[in-house]
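Report on the structure given below.
The values are calculated or read from the model by the stated rules, or taken from the named source; none is laboratory data. Predicted, not measured: the structure shown is a model, and the values here were computed from it. For neighbour counting, all protein chains shown are included, and Cβ atoms are generated from backbone atoms with ideal geometry for every residue, glycine included. With ligands, DNA and RNA removed, areas are computed over all heavy atoms of the protein, side chains included. Shrake-Rupley method; radii C 1.70, N 1.55, O 1.52, S 1.80 Å.
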Amino acid sequence: MTTTDAHPVLPDDLGRFADLGEVVLSPDGARVAVAVSQPDVAANRYRRDVLTGPVDGTDPLLPVDPQGSVRLPRWSPADDRLAVVVDRPGGCEVRLVSPDGAVTTAVAGWPDPVEELAWSPDGRRLLFVVREPADRSWYELPEDRRPPRRLTTLGYREDGVGWTVDRPRQAHVVDAGGSGAPTRLSRGGFDDAEFAWHPDGRSVYFVSRRHPGADRSIVNDVFVQPLDGEPRRLTGSDLLHSSPVPSPDGSLVALTVTDIAGFPAAQHLAVLDPATGTLTDLAAGFDRDCAGGSIVWTDDTTVAVVVEDGGAIAVHAFSTSEPGSHRVLVGGQRRVTAFDVRGGRTAVVTSGPVDPPALAVVAPDGAERVRHAPSAVVAAERRLVAPEHTAVPVAAGVTVDSWLVRPDGAGPHPLVVWLQGGGTQYGWQFSHELQLLVSAGFSVLYLNPRGSAGYGTAWMRTVAGPRAAVPGSGWGVTDVADVVAVLRATLDASPDLDPDRVGVMGGSYGGLLTTHLLAQTDLFRAGWAERGPYDLFSDAGTKDEAPWFFEAYLGASHLEDAASYWQASPIRLVRQITAPLAIVHSEEDRRCSIGQAEELFMALKLLDREVELIRFPGEGHELTRSGSPVHRLQRLEILLEWFGRWLGP
């Protein structure tokens, strides 16, 4: 199913496809603003802007600042001004933009990037959140003159963020009229985040970790703090709470919760009664991942949120008066990744396998109209191919969703099995990388084996370790069996695929699964393992998610149960890896450190295997999504070369 007979997708199309982030509607629903990001390979940076205009218009949406780097659009609840954050060489600015183009500055030259921005309910003040160094002078020194760090807690550094131990997120409040300097709201030097105003404008909600042992888990609490007082804890330090948003009347707080003690677990939508501390799970019966940062109250008793379900991402509305009752607001075989609801209109960021991200507006009668599609022209000029979906039986009563994308021609085609990272799902997404492989002549097979998101907590826990709170098979067992079953069924049903030219690739957990598949089967001619954990014992001592992540999945620390860590580690089976393998890793990865790649590379070289270590300097775990555009392009070129070499005729 090819959408056009135009040109094939090329690596440098990376810079031609734009991504859309958050979308916000003005209070009356008449105007819309959307955040747009696009790689600029020539300048090796991302062009970020906020586009805005009338919802019902046909004229193009206009950029807030064509020359700047603009993000975090927020409409004033009191008038028609739009607040945005502008990143400039001299520091961060918070600007207020009127429909006539008039601009005022509320915050100028702030030395730290603004991570959150929120209007007070009366439109007179703005709250913003920054990571603020406790000792800025340390960062201002040259590295070879900085005093050594003397660390006494865990969780001191985070991938993609850097040092966190002395850079807590702190909230400040500033007058929206630009009079007066910002005042700090956060107290005590704790890391405070995900702020929301109470409707009366006299207090705020946020999440923070302040309980004993907070450095050993991501469990946190919801706090409420008067603007002129001390914060008060509302929850019991027993769950991961995310994105508290009070109802319009202030009687409830919507948020998402995750059971870390029973992790892996789906992230559920819930409501908290701030007066009693009672927490009600609105998604218990539904049991699908709800995205915390997407919560929108549509009225006093209805909360809408983005939900991952069976390869799709949709918007669901949940009733607070009837817990468990929900309906689909915007769905279909696609991904709706951001939305807002105001004035009877719904604005969404939508994408699909052959449809790059676009902004669409949904009317009360359900009619949907695309308002802004920044990649429509390049999509029409490229040969984009839609997938064929198949649900494959893999065990008694168990089917796994899979998708196959075929290139043009009769075949036989080489096949690449494309694996996702942990705690995520594949499905009805747009991917430049996938379309690039198909244009290069590869069929691509992807699937959601047990352990993936989008199918509920029990499905995720299938791959938990035998000693986990809810025991499973562990990594490298059921997931391997599912991939093998789907691959064999696909090959049996597809005479146009060449079973002797099959490759496998994946990143993070997908890298772990790739190496397990290479060690446990002889189905693959070559592999591409990226940013993966290959020796879980050593990874447990270095990853930024330590110690909670592996302890939850495996049921014990690496010091208490080294055997479980070794059992799940693909490096245990390294002698059985005989297919050529590209090991791709970023040198500044703090999720799975570069040492993981070095260990696997060393072992395979000592065994005289065909292996290549591909190291990207200055990059972290998110290279493929937010790394430098030049490195992302180089990676795609190497990917095509690698599989072209080993899966060629």
### Query
Does Asp80 meet the test of being in contact with a strand residue (DSSP E or B) (Cβ under 8 Å, 6 or more places away or on another chain), surrounded by fewer than 21 Cβ atoms within 10 Å (Cβ to Cβ) and over 29 Å from Gly292 (Cβ atoms)?
no
### Task
Being free of Cβ contacts under 8 Å to residues at least 40 places away in the same chain and within 16 Å of the chain's Cα centre (by Cα) is the filter; apply it to the range 292-312 and report the residue that is nearest to Val400 (Cα to Cα).
Val307
### Query
Mind checking which residues of the range 568-585 are open to solvent by less than 10 Å² (accessible area, probe 1.4 Å) and farther than 14 Å from Asp522 by Cα?
Ala568, Ser569, Pro570, Ala582, Ile583, Val584, His585
### Task
Considering each of Pro133, Pro148 in turn, give the residue that is at pLDDT 95 or above and either farther than 25 Å from Phe206 by Cβ or of a type in the set (S, T, N, Q) (or both).
Pro148
### Task
Looking only at the range 48-58, count how many residues are at pLDDT 95 or above and either in contact with a helix residue (DSSP H, G or I) (Cβ under 8 Å, 6 or more places away or on another chain) or open to solvent by 30 Å² or more (accessible area, probe 1.4 Å) (or both).
2
### Task
Report yes if some residue within the range 264-280 is surrounded by fewer than 23 Cβ atoms within 10 Å (Cβ to Cβ), assigned to a loop (DSSP other than H, G, I, E, B) and modelled with pLDDT under 95; otherwise report no.
no
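Could we say that Asp238 is open to solvent by 10 Å² or more (accessible area, probe 1.4 Å), charged (D, E, K, R), modelled with pLDDT of 95 or more and more than 28 Å from the chain's Cα centre (by Cα) here?
Values: open to solvent by 10 Å² or more (accessible area, probe 1.4 Å): yes; charged (D, E, K, R): yes; modelled with pLDDT of 95 or more: yes; more than 28 Å from the chain's Cα centre (by Cα): no.
So Asp238 fails the test.
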### Query
Given the conditions (1) in contact (Cβ under 8 Å) with a residue 12 or more places away in the chain; (2) over 17 Å from the mean Cα position of the chain (by Cα); (3) closer than 26 Å to Leu573 by Cβ, and given that Trp459 satisfies all but one, which numbered condition is not satisfied?
(1)
### Query
Can we say Leu640 is surrounded by fewer than 20 Cβ atoms within 10 Å (Cβ to Cβ) and among the hydrophobic types (A, V, I, L, M, F, W, C)?
yes
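Assess whether Asp249 counts as being without any contact (Cβ under 8 Å) to a residue 60 or more places away in the chain and surrounded by fewer than 14 Cβ atoms within 10 Å (Cβ to Cβ). Full working, then the answer.
Numbers: without any contact (Cβ under 8 Å) to a residue 60 or more places away in the chain: yes; surrounded by fewer than 14 Cβ atoms within 10 Å (Cβ to Cβ): yes.
The answer is yes for Asp249.
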### Task
Being acidic (Asp, Glu) and within 27 Å of the chain's Cα centre (by Cα) is the filter; apply it to the range 159-195 and report the residue that is surrounded by the most Cβ atoms within 10 Å (Cβ to Cβ).
Asp192
### Message
With the structure loaded, tell me whether Pro27 is open to solvent by 20 Å² or more (accessible area, probe 1.4 Å), in contact (Cβ under 8 Å) with a residue 12 or more places away in the chain and touching a Leu at 6+ places or on another chain (Cβ under 6 Å) or whether it fails that test.
### Response
no
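For (1) in a loop (DSSP other than H, G, I, E, B); (2) of a type in the set (Val, Ile, Thr); (3) touching a Cys at 6+ places or on another chain (Cβ under 7 Å), each residue gets a yes or a no:
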site	(1), (2), (3)
Gly421	yes, no, no
Gln429	yes, no, no
Glu433	no, no, no
Val438	no, yes, no
Gly441	yes, no, no
Val444	no, yes, no
Pro449	yes, no, no
Met460	no, no, no
### Residue that is nearest to Pro199 (Cα to Cα) [pool: residues in the range 287-333 that are open to solvent by 40 Å² or more (accessible area, probe 1.4 Å), not small (Gly, Ala, Ser) and not in a strand (DSSP E or B)]
Asp300
### Message
Criterion first (more than 30 Å from Leu10 (Cβ to Cβ) and not aliphatic (A, V, I, L, M)) does Arg450 satisfy it?
### Response
yes
### Query
Out of the range 374-403, which residues are within 20 Å of Gly441 (Cα to Cα), in contact with a Pro (Cβ under 6 Å, 6 or more places away or on another chain) and open to solvent by less than 10 Å² (accessible area, probe 1.4 Å)?
Trp403
### Message
For the list (1) of a type in the set (A, V, I, L, M, F, W, C); (2) more than 30 Å from Arg136 (Cβ to Cβ); (3) open to solvent by less than 60 Å² (accessible area, probe 1.4 Å), I need the number of the one condition that Val94 fails.
### Response
(2)
### Task
Consider only pairs whose beta carbons are under 7 Å apart and that are at least six residues apart or on different chains; among these, list those whose first residue lies in the range 211-224 and is part of a loop (DSSP other than H, G, I, E, B) and whose second residue is open to solvent by 20 Å² or more (accessible area, probe 1.4 Å) and not polar (S, T, N, Q).
Ser217/Trp548; Ile218/Leu240; Ile218/Trp548; Val219/Asp238; Val219/Leu239; Val219/Leu240
### Task
Quick one: Thr104 ticks every box in (1) at pLDDT 95 or above; (2) surrounded by 12 or more Cβ atoms within 10 Å (Cβ to Cβ) except a single one, so which number is it?
(1)
### Query
How many residues does the range 352-370 contain that are surrounded by fewer than 22 Cβ atoms within 10 Å (Cβ to Cβ) and in a strand (DSSP E or B)?
8
### Message
For the range 471-494, which positions are touching a His at 6+ places or on another chain (Cβ under 6 Å) and assigned to a loop (DSSP other than H, G, I, E, B)?
### Response
Gly476
#### Entry: Boolean, Arg71 is farther than 13 Å from Val32 by Cα and of a type in the set (Lys, Arg)
yes
### Query
Val32 passes all but one of (1) modelled with pLDDT of 95 or more; (2) open to solvent by 50 Å² or more (accessible area, probe 1.4 Å); which number fails?
(2)
### Task
Could you grab the pairs with beta carbons closer than 9 Å, sequence gap of 6+ or different chains, first residue in the range 423-445 and at pLDDT below 95, second one of a type in the set (Phe, Trp, Tyr)?
Gly423/Tyr509
### Task
Would you check which residues across the range 191-206 are without any contact (Cβ under 8 Å) to a residue 40 or more places away in the chain and in a strand (DSSP E or B) and list them?
Ser203, Phe206
#### Entry: Any chance Trp475 is crowded, with 19+ Cβ neighbours inside 10 Å and without any contact (Cβ under 8 Å) to a residue 12 or more places away in the chain
no
### Query
Which of the residues spanning the range 586-621 are of a type in the set (Asp, Glu) and surrounded by fewer than 16 Cβ atoms within 10 Å (Cβ to Cβ)?
Glu587, Glu598, Asp608, Glu610, Glu612
### Task
Residue by residue through the range 495-539, note down the ones that are assigned to a helix (DSSP H, G or I) and surrounded by fewer than 21 Cβ atoms within 10 Å (Cβ to Cβ).
Ala519, Gln520, Phe537, Ser538
